[in-house]
1. Looking at (1) part of a helix (DSSP H, G or I); (2) at pLDDT below 95, which one does Ala59 not meet, given that it meets all the others?
2. Output the number of residues of segment 1-19 satisfying the condition of being of a type in the set (Asp, Glu) and either surrounded by 13 or more Cβ atoms within 10 Å (Cβ to Cβ) or assigned to a helix (DSSP H, G or I) (or both).
3. If you scan segment 11-28, which residues turn out to be touching a helix residue (DSSP H, G or I) at 6+ places or on another chain (Cβ under 9 Å) and not β-branched (Val, Ile, Thr)?
4. Take the residues in segment 29-47 that are part of a helix (DSSP H, G or I) and among the charged types (D, E, K, R); name whichever of them is surrounded by the fewest Cβ atoms within 10 Å (Cβ to Cβ).
5. Conditions first: (1) hydrophobic (A, V, I, L, M, F, W, C); (2) surrounded by 14 or more Cβ atoms within 10 Å (Cβ to Cβ); (3) modelled with pLDDT of 95 or more. Ala50 passes all but one, so which condition is the exception?
6. Of all residues in segment 1-48, which are among the hydrophobic types (A, V, I, L, M, F, W, C), in contact (Cβ under 8 Å) with a residue 12 or more places away in the chain and out of contact with any strand residue (DSSP E or B) (no Cβ under 6 Å at 6 or more places or on another chain)?
Amino acid sequence: MSVLDNMTAHFSAKEINSIDVPEWGDDENPLKIYYKPFTLAEQKKLYAMAKDDNIEMLAYTLILKALDSEGDKLFTMGDKFALMNKVDPYILAKVAGKITESDDIDDHLGN
């Protein structure tokens, strides 16, 4: 196996993560949002979409990465307005932060 094969196998083996969001569920069941680790291509797309706007980046993080239990996207670009204007920003920031916490390329670049 080549070095690149080892590297891609390592990334492929990463598990799908999840976060429970009680504020967005019902009384009995919190919303469970699933997400996969960011790829560099997804990070590039996220930064390009946000255009150095850290607030928009929070909404775009959910649009790009939030999945349901079947692996389908929870949000589309059509949901951006609602995410930006009709959702509790503190909860959205908490969820986006959890999704990006171990995958923030800025940390690795020293920014």
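The values are calculated or read from the model by the stated rules, or taken from the named source; none is laboratory data. Note that the structure is predicted; figures quoted are calculated from it, not measured. Reconstructed Cβ throughout: ideal geometry from the backbone, glycine too, with neighbour counts over all protein chains shown.
1. Against the list (1) part of a helix (DSSP H, G or I); (2) at pLDDT below 95, Ala59 comes up short only on (2).
2. From segment 1-19, those of a type in the set (Asp, Glu) are 5, 15; that's our starting set.
This time we only want the ones that are either surrounded by 13 or more Cβ atoms within 10 Å (Cβ to Cβ) or assigned to a helix (DSSP H, G or I) (or both), so: 5.
Number satisfying all stated conditions: 1.
3. Within segment 11-28, the first condition is being touching a helix residue (DSSP H, G or I) at 6+ places or on another chain (Cβ under 9 Å), and the residues that meet it are 17, 19, 21, 23-24.
Result: Asn17, Glu23, Trp24.
4. Going through segment 29-47, the residues part of a helix (DSSP H, G or I) turn out to be 40-47.
This time we only want the ones that are among the charged types (D, E, K, R), so: 42, 44-45.
Details: Glu42: 15, Lys44: 12, Lys45: 14.
Per the stated criteria, the residue is Lys44.
5. (3)
6. Narrowing segment 1-48 to residues among the hydrophobic types (A, V, I, L, M, F, W, C): 1, 3-4, 7, 9, 11, 13, 16, 19, 21, 24, 31, 33, 38, 40-41, 46, 48.
Okay, now just the ones that are also in contact (Cβ under 8 Å) with a residue 12 or more places away in the chain, so 11, 16, 19, 21, 24, 33, 38, 40, 46.
Within segment 1-48, Phe11, Phe38, Leu40, Leu46 meet the criteria.
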